[in-house]
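Peer 1: Pasting a structure below so you can have a look.
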Amino acid sequence: MSTRYLFPCPNCGSKIGLLPVQAGQEIECEKCHNSCEAPKLGSLKQLAAVSDTLPRPLVPESGLKRTLFATGFALVIFMGISGAAIYFYAAGMIRDVQLEKQAEIWNQEFDQKSASELLSDWTAMKVDAGLGEWEEQPIALYRTHGLNLQKFAYGLLGLAGIGGLMTLVSFFVKGR
């Protein structure tokens, strides 16, 4: 809050608001654009004073700003937490599946079985239309589900990133 002093323009008589730091400097009238020298500080302080306590004009409220912020923030929170949780759950599914180790176990079991046991295992296996398409083993299916869940989690985290951008953009939208 600073005090301005009203100095009459020598050319047109309109009042020019001067700050104390402008004392003795060259000034220009906003109305007639005439240049003149402002009075020295001692003379300036004898003029009528006006304080700058005028309220700032209110900026209209922006619905777009609030909508961007609220939507973006909600996306960051909900999609970010969901995406992270699903990602870590899926990573656990993938890590738990050690296909090479399981293949060794199956090979050892295969080597220990008799021909009749192998024949009964063969007939128990599901073959799609007799073309040799084997049903995916549950352990491999578990890993596949984990990989698919990770892709889904990437999508959720991407939505959270978009929400972060929306929140950031809301700070640059005019309004309050």
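The values are calculated or read from the model by the stated rules, or taken from the named source; none is laboratory data. Predicted model, so just to flag it, every value in this text is computed and none were measured. Protein only, heavy atoms only, side chains kept; ligands, DNA and RNA dropped before computing areas. Shrake-Rupley method; radii C 1.70, N 1.55, O 1.52, S 1.80 Å.
Peer 1: Taking 0.36 nm per residue of separation and subtracting the Cα-Cα distance, what length does fully extending residue 111 through residue 124 add? Each step should come with its number before you reach the end.
Peer 2: Values: separation 13, 0.36 × 13 = 4.68 nm, distance 1.80 nm.
Difference between extended and current length: 2.9 nm.
Peer 1: I'd like the accessible area for residue 66, computed on protein heavy atoms only with a 1.4 Å probe and all protein chains in place. Round to 10 Å², please.
Peer 2: Looks like 140 Å² after rounding.
Peer 1: While we're here: Which order do 7, 88, 152 take by accessible area at a 1.4 Å probe, largest first?
Peer 2: Largest accessible area first, the residues go 88, 152, 7.
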